[in-house]
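Student: Before we start, here is the structure in question, set down as structure tokens.
The values are calculated or read from the model by the stated rules, or taken from the named source; none is laboratory data. Note that the coordinates shown come from a computational prediction; the quantities given were computed from them, not determined experimentally. Positions of Cβ are backbone-derived with ideal geometry, glycine not excepted, and every protein chain shown enters the neighbour counts. Just the protein is used for accessible areas: all its heavy atoms, side chains included, with ligands, DNA and RNA removed. Shrake-Rupley method; radii C 1.70, N 1.55, O 1.52, S 1.80 Å.
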Amino acid sequence: MIDSKKILEWGIQFHGHKCPAMPLGIRAGLEALSILNADRAKNKELQVLAETGKGHAAGCFLDGVMAATGCTYGKSNIEKLYYNKMAFTLIEVATGHRVRVALKSDFFEDALRSPFVQQRKAGVEPQDIPAEVVDPLIERIMSLDAQQFLDVKLLPDEVPAMKKGLFETARCTICGEVAFVDKLRVLPDKQLACLPCSGYNQ
Ligand SMILES: [Zn+2]
Ligand SMILES: [Zn+2]
């Protein structure tokens, strides 16, 4: 049984400030886990394809999805599609079971009219927005029924291709730093160089 209060506390620490979007991501992530009957990822048992982007309101949503699902950038089992939409697909790698979870359009448009977002629009940093504004919003989000704010859709199974983790390294002959070999490049004099030293773009 996942303790959503604990994840919320931990999520706020990880995220850095209190806001409504991060807890929405927690709720959505927990809902996706429960639909797939999956546990939070310890390693790469799950993947998230996130439809959020960058530089738009409510992008904090994704930190909540990461906190809930255990899909993180460090483990490389989350990817952003940059559709600038409040949605993601959670995939169970072994079975290919997939569920797409999105904020309901009406709910999200309403949320964008909240006093929190008004203050953000006016240039107030999230950490400077008073607790009496943000706390009730978070409390409400944590107690909503999932059907009130989430659209959930099971997608046809599709087992994702998995790459084996790479362990092999070498030193760049120019800067001396260690890089994993798939990003080392061979220079015209046959020496190995890391990507930034090599002058190649990729
Ligand atoms: Zn936030
Ligand atoms: Zn180098």
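Student: Per 0.36 nm of contour for each residue apart, how much would the distance between Val133 and Glu79 grow if the chain were fully extended, relative to their Cα-Cα spacing?
Tutor: Gain on stretching Val133 to Glu79: 16.2 nm.
Student: Which value, in debye to the nearest 20, gives the size of the charge dipole of the range 60-202 about its Cα centre, when Lys and Arg are +1 and Asp and Glu are -1 at the Cβ?
Tutor: 640 debye
Student: Let me ask something additional. Hey, any idea what % of the chain's accessible area is carbon plus sulfur with a 1.4 Å probe?
Tutor: Result for the chain: 51 percent of the exposed heavy-atom area is carbon or sulfur.
Student: Another question, then. What is the packing order of peptides 49-61, 163-175, 183-195, taking the mean over residues of other C-beta atoms within 10 Å and listing the highest first?
Tutor: 49-61, 183-195, 163-175
Student: Related question: With no solvent and one point on each alpha carbon, what is the Debye value of log10 I(q)/I(0) for the range 2-102 at q = 0.13, 0.18, 0.19 Å⁻¹?
Tutor: Evaluating at q = 0.13, 0.18, 0.19 Å⁻¹ gives log10 I(q)/I(0) of -0.38, -0.74, -0.83.
Student: Next question, about the same structure. Taking Cα pairs under 8 Å and at least six residues apart, what relative contact order does the chain come out at, in percent?
Tutor: This gives 19 percent for the chain.
Student: Here's a follow-up. Between Glu109 and Asn43, with labels modelled 7 Å along Cα→Cβ, what's the label distance in nm to one decimal, could you check?
Tutor: 4.6 nm
Student: Now for a separate question. Using 7 Å Cα-to-Cβ label points, what is the Lys54/Ala122 separation (nm, one decimal)?
Tutor: The modelled label-to-label distance comes out at 3.0 nm.
Student: Once both axes come from the Cα atoms, what is the angle between helix 4-15 and the longest principal axis of the chain, in degrees from 0 to 90, rounded to 10?
Tutor: With both axes taken from Cα atoms, the answer is about 50 degrees.
Student: Sort 86-97, 70-81, 147-158 by packing, meaning the average of other beta carbons within 10 Å per residue, with the highest value first.
Tutor: Put in order of decreasing packing, that is 86-97, 70-81, 147-158.
Student: So how tilted is helix 21-36 from the main axis of the chain? Cα-based, degrees 0 to 90, rounded to 10.
Tutor: So the inclination is approximately 80 degrees.
Student: Rounded to a whole number of µm²/s, how large is the Stokes-Einstein D of the chain at 20 °C and 1.002 mPa s, given Rh as the Kirkwood radius over C-alpha pairs?
Tutor: Reported coefficient: 114 µm²/s.
Student: Continuing with this model, one more query. Under a no-solvent Debye model with one identical scatterer per Cα of the range 63-112, what's log10 I(q)/I(0) at q = 0.14, 0.30 Å⁻¹?
Tutor: Debye curve over Cα of the range 63-112, log10 I(q)/I(0) at q = 0.14, 0.30 Å⁻¹: -0.43, -1.28.
Student: Put a dot 7 Å past each Cα toward the Cβ at Ser4 and Gln202; how far apart are the dots in nm?
Tutor: Once both label points are built, they end up 4.1 nm from each other.
Student: Mind jotting down the three principal axis lengths of the range 106-176 based on Cα atoms? Whole angstrom, largest first.
Tutor: Over the range 106-176, Cα extents along the principal axes are 56, 41, 19 Å.
Student: I'd like the Karplus ³J(HN,Hα) series for the range 37-47: coefficients 6.51, -1.76, 1.60, θ = phi - 60°, whole numbers in Hz, and an x wherever there's a Gly or Pro.
Tutor: Using θ = phi - 60°, the values come out as 6, 10, 8, 3, 5, 8, 10, 10, 5, 10, 10 Hz.
Student: Can you give the calculated 222 nm mean residue ellipticity of the chain, where each DSSP H run of n ≥ 4 adds -39,500 (n - 2.57) and the sum is split over every residue, rounded to the nearest 500 deg cm²/dmol?
Tutor: Helices in the chain give a 222 nm mean residue ellipticity of -10000 deg cm²/dmol.
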